[in-house]
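I have placed the structure first, in the form of structure tokens, so that the comments after it can refer back to it.
The values are calculated or read from the model by the stated rules, or taken from the named source; none is laboratory data. Just so we're clear, the structure is a prediction, and the values are computed from it rather than from any experiment. In this analysis, Cβ positions are derived from the backbone assuming ideal geometry, glycine residues included, and neighbour counts consider all displayed protein chains. All accessible areas refer to the heavy atoms of the entire protein, side chains included, with ligands and DNA or RNA removed. Shrake-Rupley method; radii C 1.70, N 1.55, O 1.52, S 1.80 Å.
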Amino acid sequence: MRACWLVGTEERGLRVPLPHLAAVVLGRGPRTRIADRRCSRQQVLLKADCNKGYVTVKQFGEESEETVTETEEKIQTEKRPCEDSCENDDIENVPKKAKKMEVVDTQSSSADLRPSKSSVSPHEGTTSRKEHLGHWSQGLKSSMQDPKVQVYKDEKAVVIKDKYPKARYHWLVLPWDSISSLKSVTREHLGLLEHMHAVGQKMIQQCPAKESLEFRLGYHAIPSMSQLHLHVISQDFDSPALKTKKHWNSFTTEYFLNSEEVIEMVRSKGKVTVNDQASELLKLPLRCHLCKQQLSTIPQLKEHLKKHWTK
């Protein structure tokens, strides 16, 4: 029977055996030599069918627009590049350089361990690079096509519920056009941005709790998910999916760019300028977005927020 291995292309000698039809869970740890804490200890589940030459890859983890992907990778005679991506446990601060791995199908231990030149990581705002569609960051592109999760659509945009909502009401407005992020937006997209904002306002008007809740519409400065998307989120932040400081700060600091301000920036400058140090905002202390009181932990913050909820 053939033997299957997961081989590191950036580190010589890194080989993880994938026994036939056995579930192998990998993530941060000594087996992969990944030390970045933004990568979960249980990041992916791999199951190799050595007879048929396939490896099933299931992505674990939580993300703001979180997605769980399951794909089958064909094992080539020599090697098949695939990416061992470090999904961020927190949000919107993905490691810029993830370790690259290869699935190697071999009859012996003399497999070719040369780095794969064809393995290219997706890059926000860059459309010329090859995107790995099985990567979790591409999840929105498949979700927006799924009628089961669509709550509104027209000829220009579609609305889906955030899979891991950070408040009682949390929608994502996405354009049908392939636009990777705000970095790819130009003055030609001004009308589309205005339409997306109008759709977001329509969702608020249709919300049964619109009289008792406030809403914000905006974009994350450095999104982790590929495909431009506008957040429409209620300001109660009453959700079990809101778990970390980065979750909180991504919606309550200047990391969250107001939709109307983005539209005005595109109208005046023809593009969206994002501060290169925006990710530092995610590290700020926890502060109530209403009264600015500083809290030490997320549980304390959530308890404090209840004081502001309309009875």
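Could you work out how much longer the chain between Thr56 and Arg33 gets when fully extended? Use 0.36 nm per residue separation minus the Cα distance between them, nm to one decimal. Spell out each step's value before the answer.
Details: separation 23, 0.36 × 23 = 8.28 nm, distance 2.18 nm.
Difference between extended and current length: 6.1 nm.
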Cross-link table Lys141/Lys271; Lys58/Lys269; Lys156/Lys283; Lys210/Lys269; Lys243/Lys271; Lys47/Lys163, entries beyond 31 Å C-alpha to C-alpha: Lys58/Lys269; Lys156/Lys283; Lys210/Lys269; Lys243/Lys271
Nitroxide proxy distance, nm - points 7 Å out along Cα→Cβ at Asp177 and Gln42: 4.2 nm
Sorted peptide list for 35-45, 221-231, criterion being average Cβ within 10 angstrom, highest first: 221-231, 35-45
For segment 198-311, accessible area per residue (1.4 Å probe, heavy atoms of protein chains only), Å²: 50 Å²
Loop trypsin sites (Lys or Arg not before Pro), segment 258-298, which have at most 16 other Cβ atoms in a 10 Å radius of their Cβ (DSSP): Lys271, Lys292
Estimated FRET transfer efficiency (Glu211, Thr186; beta-carbon r; R0 35 Å; 0.05): 0.40
Calculated FRET efficiency for the pair Lys292/Glu264, C-beta based, R₀ 30 Å, to 0.05: 0.70
Within the accessible area of segment 185-282 (1.4 Å probe), percent carbon and sulfur: 47 percent
